[in-house]
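Single-structure report; data block below.
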């Protein structure tokens, strides 16, 4: 009994410790987002005495935040949609068809994963200027697609390759071929993996700062992470407003994750064969 | 309903042949079973008929039309897979209707066919369930239902019962036979289970190493095997195969098995042969047409309830006999098993081909 109790206590403390470690910064930023900067300066870790909800309205209205938010939504949504469709199609082709050069194409796509963005960013900047895509949301979307595509193909191919071949044979006999098989079998059966890549891509792109700061300069085209930077002046940092802006940026990600994680239903293929 | 004809059908991977020179005619409404051990090419043959494998040589004809280059979907066949291959993201209703939707059949007709198939297979309560919520037997029925609703020319079954437990397999065997009688459809059924083959097939095609060894009605194949492989493959226990020698003895022949000599009623070509005799043809007592007795030592007694399988050790090897369950034998005792005329099969030692019966 005592041993059992000890074990439970150890487990609980480990969980509590981890929760504090993981959620602590988030809670701190959340509490700062409801405090004014002088209040934060006075007591950085103190809980807010009065909840300054008006800071959210102020951040949204006074700081062009609506535009940043909308830009982020457009760029991320477009990039995620394109990456998902193109990536899933490429993964389907690589996983299902045995064609000449398949391994080479796979290796070429996956090799780009190893390069850190800092290596390619200058060349990328030149290319975007060359093709009049610098400082445009279309350009940023295309870059996001290019950046996230290899990892998406990599993840999806591994999953699609595990979908039993016999399902495709049954579909062939049922009269389906080519692209129909992709829409009717691969996409629905592979949805748990697709949902995972949607979440990963969306969160990564929503938080991207590097590509946005290099490729966007016009205030009307900034995305949320750039918007937060606006509160960091040369002379002073409005920490209170930065916290509020960060919370506005984070909330959609949390909502998005909560929505999609519901659909991360594993074992969709259980019962397909055997 | 249709006829299926295979002419010199073969499949190769480089120099090695998986299937070679398969000639087989399947009549309209026939239940043809392709039977053989693992790797004999039976599934590959079925998949070539289905259009799922490329054909290296020969022809597949369905209803007199060559379909070598016709896509699987245009061959008007339906297939039940060993693993059922149900679409996991669709419920039973959609699984059944999936193939029909592609063929631009009206929704009302699809609904009618699905309802009819569900009724005949007892699937009505499960139409809204996904495959993962069904038992093995129910999944198997859905797989069969998916084939039935299509009303195809030919039904193909690739070991459909091998994933079911023993009792369910017996039930499904009966149901598939009933289905065949009701639909009177042409069915080709692949299995490695000889009981399935014997009980279900109108005819059996036994394959080995990519070649057809024998084709015929179940009992004909059982009683009159054309080669030692078929003799040794069918039956449980299978036919005894032991080395023996035919010796000329005047107008008749004599068979020598070590010390034992049997007098044959006809004259056969002298020489070394493989003797084949079914375990149930050996008896403790001599019958009216007894040719003599094979003697040996009892080395094993398996009492199966209804019968007793006795293994006799001879200098040439072992012989198993299926005897009455009341026989009283002890291990190590000498035993003589009588052989009746008309039960002996002789196979060539080298080729395994039948050279005579007596």
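The values are calculated or read from the model by the stated rules, or taken from the named source; none is laboratory data. Treat the numbers as computed from the prediction; the structure is a model and nothing was measured. Here the Cβ positions follow ideal geometry from the backbone for every residue, glycine too, while neighbour counts run over all protein chains shown.
Yes/no matrix, rows are residues, columns are (1) on the phi > 0 side of the Ramachandran plot; (2) touching a strand residue (DSSP E or B) at 6+ places or on another chain (Cβ under 6 Å):
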{"site": "B:121", "(1), (2)": "no, no"}
{"site": "B:154", "(1), (2)": "no, yes"}
{"site": "B:181", "(1), (2)": "no, no"}
{"site": "B:206", "(1), (2)": "no, yes"}
{"site": "B:210", "(1), (2)": "yes, yes"}
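When the criteria are applied in full, residue B:269 meets the requirement of being touching a strand residue (DSSP E or B) at 6+ places or on another chain (Cβ under 8 Å), at pLDDT below 95 and not in a strand (DSSP E or B). Residues of segment B:108-134 that are at the interface with another protein chain (Cβ under 10 Å from one of its Cβ atoms) and either surrounded by fewer than 24 Cβ atoms within 10 Å (Cβ to Cβ) or within 24 Å of the chain's Cα centre (by Cα) (or both): B:129, B:130, B:132, B:133, B:134.
Filter segment B:145-164 for residues that are under 22 Å from residue B:5 (Cβ atoms) and either more than 12 Å from every other protein chain (Cβ to nearest Cβ) or not in a helix (DSSP H, G or I) (or both) and give the result.
Restricting attention to segment B:145-164, the residues satisfying the condition of being under 22 Å from residue B:5 (Cβ atoms) are B:147, B:150-158.
Result: B:151, B:152, B:153, B:154, B:155, B:156, B:157, B:158.
So for segment A:248-261 (the condition being more than 18 Å from the chain's Cα centre (by Cα) and either without any contact (Cβ under 8 Å) to a residue 40 or more places away in the chain or under 30 Å from residue A:41 (Cβ atoms) (or both)), does at least one residue qualify? No, that holds for no residue. Checked against (1) more than 15 Å from residue B:209 (Cβ to Cβ); (2) modelled with pLDDT under 95, residue B:7 passes all but a single condition, namely (2). For segment A:246-264, the criterion of being under 24 Å from residue A:86 (Cα atoms), in a loop (DSSP other than H, G, I, E, B) and at pLDDT below 85 is met by at least one residue.
Would you mind stating whether residue B:48 is modelled with pLDDT of 95 or more and either within 14 Å of chain A (Cβ to nearest Cβ) or farther than 23 Å from residue A:175 by Cβ (or both)?
yes
Checking segment B:193-201 against the condition returns no match, with no residue being touching a helix residue (DSSP H, G or I) at 6+ places or on another chain (Cβ under 9 Å), surrounded by 15 or more Cβ atoms within 10 Å (Cβ to Cβ), assigned by TED's automatic domain parsing to the domain that holds residue B:301 and touching a residue at least 60 places away in the same chain (Cβ under 8 Å).
Residues that are on the phi < 0 side of the Ramachandran plot and surrounded by fewer than 20 Cβ atoms within 10 Å (Cβ to Cβ) within segment B:262-271 comprise B:263, B:265, B:266, B:267, B:269, B:270, listed in sequence order. Criterion first (modelled with pLDDT of 90 or more, assigned by TED's automatic domain parsing to the domain that holds residue A:210 and over 27 Å from residue A:199 (Cα atoms)) does residue A:175 satisfy it? Spelling it out, residue A:175 is indeed modelled with pLDDT of 90 or more, assigned by TED's automatic domain parsing to the domain that holds residue A:210 and over 27 Å from residue A:199 (Cα atoms). Just one of the listed residues (B:178, B:186) is buried (at least 19 other Cβ atoms within 10 Å of the Cβ), under 23 Å from residue B:33 (Cβ atoms) and assigned by TED's automatic domain parsing to the domain that holds residue B:81, and it is B:186. The residue of segment B:33-87 that is surrounded by the most Cβ atoms within 10 Å (Cβ to Cβ), among those that are without any contact (Cβ under 8 Å) to a residue 24 or more places away in the chain and in a strand (DSSP E or B), is B:66. For residue B:93, the conditions (1) within 11 Å of chain A (Cβ to nearest Cβ); (2) outside any strand (DSSP E or B); (3) crowded, with 19+ Cβ neighbours inside 10 Å are fulfilled apart from (1).
You will find that of B:215, B:195, B:230, B:221, the residue that is in a helix (DSSP H, G or I) and closer than 18 Å to residue B:21 by Cβ is B:230 and no other. Considering segment A:1-104, the qualifying helices (runs of 4 or more DSSP H), each wholly inside and each with 3 or more residues that are under 20 Å from the mean Cα position of the chain (by Cα), run over A:2-32, A:65-96. Summed over segment A:136-171, the residues that are farther than 29 Å from residue A:124 by Cβ and outside any helix (DSSP H, G or I) give a count of 4. Within the bounds of segment B:63-84, is there any residue that is within 14 Å of chain A (Cβ to nearest Cβ), farther than 20 Å from residue B:150 by Cα and touching a helix residue (DSSP H, G or I) at 6+ places or on another chain (Cβ under 9 Å)? Scanning segment B:63-84 turns up no residue that is within 14 Å of chain A (Cβ to nearest Cβ), farther than 20 Å from residue B:150 by Cα and touching a helix residue (DSSP H, G or I) at 6+ places or on another chain (Cβ under 9 Å). Every residue in segment B:272-321 that is surrounded by 14 or more Cβ atoms within 10 Å (Cβ to Cβ) and out of contact with any strand residue (DSSP E or B) (no Cβ under 7 Å at 6 or more places or on another chain), please. Hit for segment B:272-321 is B:278, nothing else.
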